[in-house]
Amino acid sequence: MTQFPNLLSPLKIGKCEVRNRILVSAHVPGFAENYLPGDKYIAYHRTYARSGVGLQITGGTPVHESGLLSTNTDALRNLNDDIVPGYQKLSDAVHEEGGCILAQLAHSGGTVLINKPNLASWSASAIRSETTGNISHAMSLDEIEEIKGAFAAAAKRAGDGNMDGVEILGAFGFLPQAFLSPLTNFRDDQYGGSLNNRMRFILELLQVVRAALGPDRVLGLRLPGDEFEPGGLTLDDMKIVTRVIAETGLIDYLNIIAHTNVTHTGRAKHWAPTPAKHGIFVPLAEAIRRQVNIPVFAVGRVTDPFHAEKIIADKQADMVGMTRANICDPELVAKIKRNDIKQIRPCVGANACIANRYVGKPINCMHNTMVSKPGVKLQSATQPKSIVVIGGGPAGLEVARIAAERGHSVEVFEKNKRVGGQLALWAAAPSMGELGNIIRWRISELDRLGVKIHLNQAIEKADLDSLNADEIVIATGSNDFNQLVLGEHTIQTVTPHDLLRGGVVQATKALVINEGRGQAGLAAAELLLSKGIDVEIISSDIAVGADIDPTNRTAWLMRLGEKGCHFSATQIVVSAQGNRVACRNVYDDRVNYREEIDLMVTWHGCRANTSVTALSCTLPEKVHYIGDCVSPRSVEIAMGEAEELANRL
């Protein structure tokens, strides 16, 4: 008897029936080849279909050069018939596994800076995107007709490629939303002004797309339930819009999200990272569902199958997007069906997947680095070995897990009383507790696989020769680097990790010197703010948190700002006297001062922990180094090195 009768029940969408209510919504994985779905892209989607996903959708696919989503060749484009054979291979792969797949059609509507000669970004009006700085070209009536024709032609190509249908991306400030929203539509013709006029484009667009697609394929529409911007579309507006659209009978479902890419915070918020509420956009879908008589999809940090089951059971939505959850564990649906719930690798909202796409790289996952290698499976070891892992941080736990999964005998030695390394410390910050699931899941898996973890047991380099192991993996991580502030001062000085370990401080006014980048300094600031301490974060970068991906940076700055944190960029601390701290602008050498400081949190990053080396080992070829003990970098990189090594051993 399944625990998920509603989640695993079939759903009729138009004339198509999907096998369950789990959706992998549209996203761009970065696996296309010259804008087309090649072997890697197809393997990526086949994996989800084989696991049992009900419905999956390709990433946003531009239909016209005036609405490109990027200039990278690793994303699909539907500009001509070249894509039809790729669609055919993609749909065949998904159908062979019993799945259904749609092509998402898109026009970026002025939100993307294309920045190429002879290419302007078109939108409803000439608007400036806060996130990219792009200023769009206001479309003429003839250009509106051209774009409608481009969508229709793209929909026909999807049908010719035997895709099950298409989804129009009408969210994120893209073209349909750009016409709907008073934030981006300043027209004074029949396409602007009143809500009825602003709906005209999307209604006409759906008519031509349905005509091109035919009656037997699915036509869906993704829309914001609310822009959450002053002067923007509201939920009340979208209730009217969705009701009018549904009553036309042109579409088969609505997929509801929120926000707009036009504003600084909007783009980051629709991909909400931890600690955003799970099911953050479900109430919007529920409200829209009450207005229409077609299926409504809900998305937004739904990662737990029990939560997804409740959403369906409570009739908040008809289908649930679990996209990041499936990226984190592509076997999610299969595990739900087998009732192996404890083995599901839980998405923690770290957003490494999205961060990689922001910089033009294929998606990856901090928790599952094999997602960047679609179609590649773990292979059983041809010759099982005895492996000792020294260090129980993320890299050490991951290399132990994969090696054990492959059939090796593995032991882990950790010098501290608990495993997890720096990641466990970051999880001690008020908002970052969910990151601890990365460690907890690995502990559970190692226990299932019979891997012994030895705590409070340091291994010195003299011990290496005596370890009875075929292979030794050094994963000892890195140590704090505390750079002292010059001058004669009485200010208590600690590192972020001192605080996150539970260090006690007595302070009223703190400076966080955030030169080490990453999230440790911000986590320390949040901890201090939660104790009622006045905090200022100082960074020599152009902005505090400049190195962090936009979704996490936006969330951090909003949380800290709401607690009264002060941010000072382009500043370095040069000295301190008594309780006075001198800072210098990195560009013009102006000196300014902070008074009455009684705590400095100095974060200059870490340095590799080289306490264990292979110098005394008589067989250096059997010793391997991964993670921060080589050079301090990110958890994602450490996990990637662990995965690569474990598959090689």
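The values are calculated or read from the model by the stated rules, or taken from the named source; none is laboratory data. It should be emphasised that the depicted structure is a prediction, and the values quoted were computed from it without experimental measurement. For neighbour counting, all protein chains shown are included, and Cβ atoms are generated from backbone atoms with ideal geometry for every residue, glycine included. Heads up: the accessible areas ignore ligands, DNA and RNA and are worked out on the full protein's heavy atoms, side chains in. Shrake-Rupley method; radii C 1.70, N 1.55, O 1.52, S 1.80 Å.
The conditions are (1) in a helix (DSSP H, G or I); (2) hydrophobic (A, V, I, L, M, F, W, C); (3) more than 24 Å from Leu183 (Cα to Cα), and Ile144 fails exactly one of them. Which is it?
Just one mismatch for Ile144, condition (3).
Given the criterion under 37 Å from the mean Cα position of the chain (by Cα), more than 30 Å from Arg301 (Cα to Cα) and of a type outside the set (A, V, I, L, M, F, W, C), identify the matching residue among Lys452, Lys461.
Of the residues listed, the single one that is under 37 Å from the mean Cα position of the chain (by Cα), more than 30 Å from Arg301 (Cα to Cα) and of a type outside the set (A, V, I, L, M, F, W, C) is Lys452.
Cβ-Cβ below 7 Å, separation at least six or inter-chain, first residue in the stretch 443-469 and more than 16 Å from Gly420 (Cα to Cα), second open to solvent by 80 Å² or more (accessible area, probe 1.4 Å) and outside any helix (DSSP H, G or I): which pairs?
Close Cβ pairs satisfying both conditions: Lys461/Leu615; Asp465/Thr618.
Which residue pairs have Cβ atoms under 7 Å apart, sit 6 or more places apart or on different chains, and have a first residue in the stretch 50-70 that is under 14 Å from Ala334 (Cα atoms) and polar (S, T, N, Q) and a second that is modelled with pLDDT of 95 or more and assigned to a loop (DSSP other than H, G, I, E, B)?
Ser51/Pro330; Ser51/Glu331
Which of the residues belonging to the stretch 121-154 are under 30 Å from Ile101 (Cα atoms), buried (at least 19 other Cβ atoms within 10 Å of the Cβ) and without any contact (Cβ under 8 Å) to a residue 60 or more places away in the chain?
Across the stretch 121-154, the qualifying residues are Ser121, Trp122, Ile144.
Which of the residues that make up the stretch 422-452 are assigned to a helix (DSSP H, G or I), open to solvent by less than 40 Å² (accessible area, probe 1.4 Å) and of a type in the set (Val, Ile, Thr)?
Ile438, Ile439 - these are the residues of the stretch 422-452 that are assigned to a helix (DSSP H, G or I), open to solvent by less than 40 Å² (accessible area, probe 1.4 Å) and of a type in the set (Val, Ile, Thr).
Could you pull out the residue among Ala272, Ala268 that is assigned to a helix (DSSP H, G or I), at pLDDT below 95 and among the hydrophobic types (A, V, I, L, M, F, W, C)?
From the options Ala272, Ala268, the qualifying one is Ala268.
Quick one: Asn118 ticks every box in (1) open to solvent by less than 50 Å² (accessible area, probe 1.4 Å); (2) free of Cβ contacts under 8 Å to residues at least 12 places away in the same chain; (3) polar (S, T, N, Q) except a single one, so which number is it?
Single failed check for Asn118: (1).
With the requirement that a residue be hydroxyl-bearing (Ser, Thr, Tyr), part of a loop (DSSP other than H, G, I, E, B) and under 19 Å from the mean Cα position of the chain (by Cα), what does the stretch 3-59 give you?
Within the stretch 3-59, Ser25, Thr58 qualify.
Quick check on my filter: what residues within the stretch 472-484 are buried (at least 21 other Cβ atoms within 10 Å of the Cβ) and not in a loop (DSSP other than H, G, I, E, B)?
The answer is Ile472, Val473, Ile474, Ser478.
Looking only at residues in the stretch 175-234 that are part of a loop (DSSP other than H, G, I, E, B) and among the small types (Gly, Ala, Ser), which one is nearest to the chain's Cα centre (by Cα)?
The qualifying residue nearest to the chain's Cα centre (by Cα) is Gly225.
Looking at (1) closer than 16 Å to Asn6 by Cα; (2) outside any loop (DSSP other than H, G, I, E, B), which one does Val302 not meet, given that it meets all the others?
So Val302 meets the others, but not (2).
Kindly indicate which of Thr551, Thr602 is among the polar types (S, T, N, Q) and out of contact with any Ser or Thr (no Cβ under 8 Å at 6 or more places or on another chain).
Residue meeting the stated conditions: Thr551.
Restricting attention to the stretch 250-261, which residues are in contact with a helix residue (DSSP H, G or I) (Cβ under 8 Å, 6 or more places away or on another chain) and open to solvent by 20 Å² or more (accessible area, probe 1.4 Å)?
Selection gives Leu250 alone.
Look at Thr61 and say whether it is among the hydroxyl-bearing types (Ser, Thr, Tyr), out of contact with any His (no Cβ under 8 Å at 6 or more places or on another chain) and at pLDDT 95 or above.
yes
Residues in the stretch 317-324: is at least one modelled with pLDDT of 95 or more, within 27 Å of Tyr44 (Cα to Cα), in contact with a Pro (Cβ under 8 Å, 6 or more places away or on another chain) and assigned to a strand (DSSP E or B)?
Yes, the conditions are met somewhere in the stretch 317-324.
(1) within 23 Å of Val302 (Cα to Cα); (2) open to solvent by 60 Å² or more (accessible area, probe 1.4 Å): which one isn't true of Ile240, the others all being true?
Condition not satisfied by Ile240: (1).
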